[in-house]
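Asks: Can you keep this structure in mind? I'll have questions shortly.
The values are calculated or read from the model by the stated rules, or taken from the named source; none is laboratory data. These figures come from a predicted structure and were not determined experimentally. With ideal geometry, Cβ positions are generated from the backbone for all residues, glycine too; neighbour counts draw on all protein chains shown. With ligands, DNA and RNA removed, areas are computed over all heavy atoms of the protein, side chains included. Shrake-Rupley method; radii C 1.70, N 1.55, O 1.52, S 1.80 Å.
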Amino acid sequence: MFRKILVSALILAGITSVALQAQAQESVRLGNLKFAHYGAVSYIKEIAPKCGIKVDERVFPKGLDAMQAVIAGELDVAAVSSEAVISARASGTPIYLVAGFAKGGVRLVGRSDLPLKTVKDLKGKKVGVTRGGIQDILLAAELSQNGLTYSDQPGKDVQIIYLGFPDLNQALMGKNIDAMMQSEPYSSQALSKGFGKEIIKPYDTAIGEPVRTMVMTEKFYKEHRPTAEKFMRCFVESTKTFIDNKALAEKYVRENMFKGQVNHEDFINAIENSPYSYDITPEHIQITTDLMQKYGVGKMAKPPIAKDWVKTDLLEQAKKTLNIQ
């Protein structure tokens, strides 16, 4: 009888242990994009079990698509450009901006067969960009501060051609556009393959180097706090790993994310222009918001006030736990 009771107790203990382990590994729904500087975010899912969570990653073609999934309640966390997050918050989406994960990541690239050396040289040219992205804001800011008018219709100094990220490279290669404001690693690929040359890195506007942002739903932030804390620690650990172990970062991005479509040179050039990071400030987001409003990107009826929804407490707690300054 004692033996039966002991066996039953051990079975029950095993079941309880499995249940507790499953409970400990709560699932987090993560939205991400396919860019070199989004690699550390993607790597979170690889180390998630040691953080006590499970991460289900969905990859989207652009930030606005990922934000639509957040709005639809399909994601808990998403890695996107700041302008997509700002637009969503302006439309009433209950989200918080909780971290930055990369900075920079943009180049103004001209056709290699044209004598384009400055922004002013774009007068009379067709320039490609992805609509609504941070590249769109930076292009508007650069053209404006160089005294150039622009429109997606003919008749202005510069005609804007809106295309997706991979399509921009094809259009530049095919000489259907004269220049492009492009994200990494696509801009580095244009340089290494010889059909594009850098005009500038567009970091001399009020935005400076744009920060790519991590957004979290208010529901996840407030109602699933322990899981949110585990996720943020996992994000910081993943980012630190990519910063410290450059070989691992390159291998993961080139092989796992791009399946060999990005070579060593492209990766190195891309990350030099878009280093991994952790931080975000309300000031940076407020400047970005103000420029979006100024140039009509996102068409916000009521722009959000950054200090009301930039919440970095989880990030600071995670960095402190992992002894990161």
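Asks: Looking at (1) out of contact with any Leu (no Cβ under 7 Å at 6 or more places or on another chain); (2) among the aromatic types (Phe, Trp, Tyr); (3) under 18 Å from Leu97 (Cβ atoms), find the lone condition where Tyr278 falls short.
Replies: Here Tyr278 meets the rest and fails (1).
Asks: If you don't mind, another one. Can you name the residue in the stretch 168-203 that is of a type in the set (D, E, K, R) and touching a residue at least 24 places away in the same chain (Cβ under 8 Å) and is also nearest to Phe35 (Cα to Cα) among such residues?
Replies: Glu184
Asks: Name the strands (runs of 3 or more DSSP E) wholly within the stretch 125-231 that hold at least 1 residues that are among the hydrophobic types (A, V, I, L, M, F, W, C), touching a Leu at 6+ places or on another chain (Cβ under 6 Å) and open to solvent by 20 Å² or more (accessible area, probe 1.4 Å)?
Replies: 196-200
Asks: Which numbered condition in (1) buried (at least 23 other Cβ atoms within 10 Å of the Cβ); (2) under 18 Å from Ala228 (Cβ atoms); (3) at pLDDT below 95 is the only one that Met67 fails?
Replies: (2)
Asks: Do you know which of the residues in the stretch 304-325 that are among the hydrophobic types (A, V, I, L, M, F, W, C) and in contact with a strand residue (DSSP E or B) (Cβ under 9 Å, 6 or more places away or on another chain) is surrounded by the fewest Cβ atoms within 10 Å (Cβ to Cβ)?
Replies: In this case the residue turns out to be Trp309.
Asks: Follow-up. Scan the stretch 28-51 and give yes if some residue there is part of a strand (DSSP E or B), at pLDDT 95 or above, surrounded by fewer than 18 Cβ atoms within 10 Å (Cβ to Cβ) and in contact with a Ser or Thr (Cβ under 8 Å, 6 or more places away or on another chain), otherwise no.
Replies: No, the conditions are met nowhere in the stretch 28-51.
Asks: Here is a further query. Out of all the residues in the stretch 99-116, is one or more assigned to a loop (DSSP other than H, G, I, E, B), modelled with pLDDT of 95 or more and in contact with a strand residue (DSSP E or B) (Cβ under 7 Å, 6 or more places away or on another chain)?
Replies: Yes - at least one qualifying residue is present in the stretch 99-116.
Asks: Can I ask one more? Looking only at the stretch 300-325, how many residues end up being of a type outside the set (Asp, Glu), in a helix (DSSP H, G or I) and free of Cβ contacts under 8 Å to residues at least 24 places away in the same chain?
Replies: 1
Asks: Do we have any residue at all in the stretch 73-91 that's without any contact (Cβ under 8 Å) to a residue 60 or more places away in the chain and in contact with a helix residue (DSSP H, G or I) (Cβ under 7 Å, 6 or more places away or on another chain)?
Replies: The answer is yes; a qualifying residue exists.
Asks: Moving to a separate point now. Which residue is nearest to the chain's Cα centre (by Cα), if the candidates are limited to the stretch 91-115 and must be open to solvent by 10 Å² or more (accessible area, probe 1.4 Å) and within 29 Å of Asp157 (Cβ to Cβ)?
Replies: Of everything passing the filter in the stretch 91-115, Arg107 is nearest to the chain's Cα centre (by Cα).
Asks: Test Phe60 against the stated conditions and say whether it is open to solvent by 10 Å² or more (accessible area, probe 1.4 Å), in contact with a helix residue (DSSP H, G or I) (Cβ under 6 Å, 6 or more places away or on another chain) and within 28 Å of Met180 (Cβ to Cβ).
Replies: yes
Asks: With respect to Glu237, determine if the residue is in contact (Cβ under 8 Å) with a residue 60 or more places away in the chain and either assigned to a helix (DSSP H, G or I) or open to solvent by less than 60 Å² (accessible area, probe 1.4 Å) (or both).
Replies: Yes; evaluated as a whole, the condition is true for this residue.
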